[in-house]
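Heads up: the structure comes next, in structure tokens.
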Amino acid sequence: MRGAINGHAFQTVLEPDGSFGHWMRIERDVQQAASVLPGDTVSLDLEPVDAWPEPNVPQDFAAALSAAPEQIQHLWNSITPMAHWEWVRWINATRNPDTRQRRVEVSISKMKSGKRRPCCFNLAACTDPDLSRNGKLIEPA
């Protein structure tokens, strides 16, 4: 999404909320530039964009991709940003360090067999573990 909050432009990605809806993160620097505090009423303009931005690849997954054979690096570089988001969301959708490490390993293994997406999981429920645990975007004050 591309938009403006109190007239200050930003771009973000809508994230699944675990309940078949979506939410968006407004980064702290954007909030500060727009003079927005939690609980404020804001003017918000949004419009979809055609191109997906690249996600921030978590350090553990980035290290595994760097250490992976060339065929896996080539596959990663050939898939779409949307597919990159799916891999990153799947890895990030757990707080358990052992599960997370296993997901990094499984991701590399799936790519080794030619998989371009982490299939067979519910994209709508694959979200930030804190959000999916409590189902709320902002804790009550």
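The values are calculated or read from the model by the stated rules, or taken from the named source; none is laboratory data. This is a predicted model, so every value here is computed, not measured. Note: ideal-geometry Cβ built from the backbone for every residue, glycine included; neighbour counts use all protein chains shown.
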Residue among Trp90, Trp23, Trp85 that alone is modelled with pLDDT under 85 and not small (Gly, Ala, Ser): Trp23
Restricting region 1-30 to residues that are assigned to a loop (DSSP other than H, G, I, E, B) and among the acidic types (Asp, Glu), the residue that is surrounded by the most Cβ atoms within 10 Å (Cβ to Cβ): Asp17
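Return yes or no: is Val13 closer than 30 Å to Asn77 by Cβ and of a type in the set (Val, Ile, Thr)?
Numbers: closer than 30 Å to Asn77 by Cβ: yes; of a type in the set (Val, Ile, Thr): yes.
Yes: the conditions hold for Val13.
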Members of region 1-20 that are at pLDDT 85 or above and among the β-branched types (Val, Ile, Thr): Ile5, Thr12
Odd one out for Asp60 among (1) out of contact with any His (no Cβ under 9 Å at 6 or more places or on another chain); (2) within 24 Å of Trp23 (Cα to Cα); (3) among the charged types (D, E, K, R): (2)
